[in-house]
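The values are calculated or read from the model by the stated rules, or taken from the named source; none is laboratory data. If you're wondering where the values come from, they're calculated on a predicted model, not measured in any experiment. Note that we place each Cβ from the backbone using ideal geometry, even for glycine, and neighbour counts take in every protein chain shown. The protein model used for the area step is the full one, side chains on, heavy atoms only, and it has no ligands, DNA or RNA in it. Shrake-Rupley method; radii C 1.70, N 1.55, O 1.52, S 1.80 Å.
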Amino acid sequence: MDPSSVLFLLGFSIAHIFFPGHPTPLLLATGKMDRPTAWKFTWGIALSHGIVMAVALATGQVFLKALQEVWPAGKFWLSHLDIPLLLFLGFYLVREAFRKDTVKESENSDSGKPMRRPFLTGAAIGAVPCPDTIGYAMIGGALGLKGLPYAIMATSIVFVGTCVGFLAVTFVALSLPRLFRSPKLAPAICLATAAICFVNVGWRSYTTMRDWL
């Protein structure tokens, strides 16, 4: 695999963790946890989501081709599934930002029951495919993944990059405990993420309409 492909896969895998939907719940959750629980929770998310993304890269193109045989336009519509999902997420986050219970939950964050199985809980959350799953499937098709060594290297890079991204988010949250336990931070994170969602939806809608016209 050439260096440019390695850098692209690594960069995309790390960057996709900072796309809307990934860091927000992790920051809000780990900000309320003690350090050992937060790391167990994060490792669960990182490992399971890394596996999901690696599998999508390796096998997603096969499923997309099979889908196109029965639904020719399926690949196009799936690749734009993130537009309505991000729009829904944006409105949901705006609602959460202005919900009075959000502040109360942040103020009483230390009084909640500790998570019994943080690693398994994180693993269950990380196993849910995100809109970028389709992107990985397309990237896998573009790369070709010819030969087992090439495929193993590519999927390993995706797995490592995904894990690094999640771990970086938790590292920041635990490095600034006072900030992430502030009752005003949860609404701010929700509003900031909602704004990113709406900008993303606007740009994706614009480019899609330009391609149609």
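When the alpha-carbon atoms of segment 1-57 are used, the pair Rg, Dmax equals 13.6, 42 angstrom.
Rounded to a whole number of µm²/s, how large is the Stokes-Einstein D of segment 114-213 at 10 °C and 1.306 mPa s, given Rh as the Kirkwood radius over C-alpha pairs?
Rounded, D is 91 µm²/s.
Full extension of the segment from Leu176 to Leu81, taken as 0.36 nm per residue of separation minus the current Cα-Cα distance, would add 30.7 nm.
Under the rule that an exposed site lies in a DSSP loop and has at most 12 other Cβ atoms within 10 Å, name the longest stretch of the chain with no trypsin sites (Lys or Arg not before Pro) of that kind, not counting the sites themselves. Intermediate values should be presented prior to the final figure.
On the way: sites that count: Arg116, Lys146, Lys184.
The longest such stretch corresponds to 1-115.
Of the solvent-accessible surface of the chain, computed with a 1.4 Å probe and all protein chains present, 71% belongs to carbon and sulfur. In the chain, Cα pairs under 8 Å separated by at least six residues give a relative contact order of 46 percent. Shape summary: the chain maps onto an equivalent ellipsoid whose semi-axes, from the alpha-carbon gyration tensor, are 32, 22, 14 Å in decreasing order. Between the beta carbons of Thr207 and Arg116, assuming R0 = 35 Å, the FRET efficiency works out to 0.20 to the nearest 0.05. Taken along its three principal axes, the alpha carbon spread of segment 151-206 comes to 45, 38, 8 Å, from the longest extent down to the shortest.
3J(HN,Hα) along segment 197-208: 4, 5, 5, 4, 4, x, 5, 5, 5, 4, 5, 5 Hz, from the Karplus curve 6.51 cos²θ - 1.76 cosθ + 1.60 with θ = phi - 60°, whole Hz, x for Gly and Pro.
Taking only pairs that are 8 or more places apart or on different chains, how many Lys pairs in the chain have Cα atoms under 21 angstrom apart? Count of close lysine pairs: 12. In the context of the full set of protein chains, the chain has a per residue accessible area of 57 Å² (1.4 Å probe). Taking each residue as 0.36 nm, the span from Ile125 to Ala188 lengthens on full extension beyond its C-alpha to C-alpha distance by 20.4 nm.
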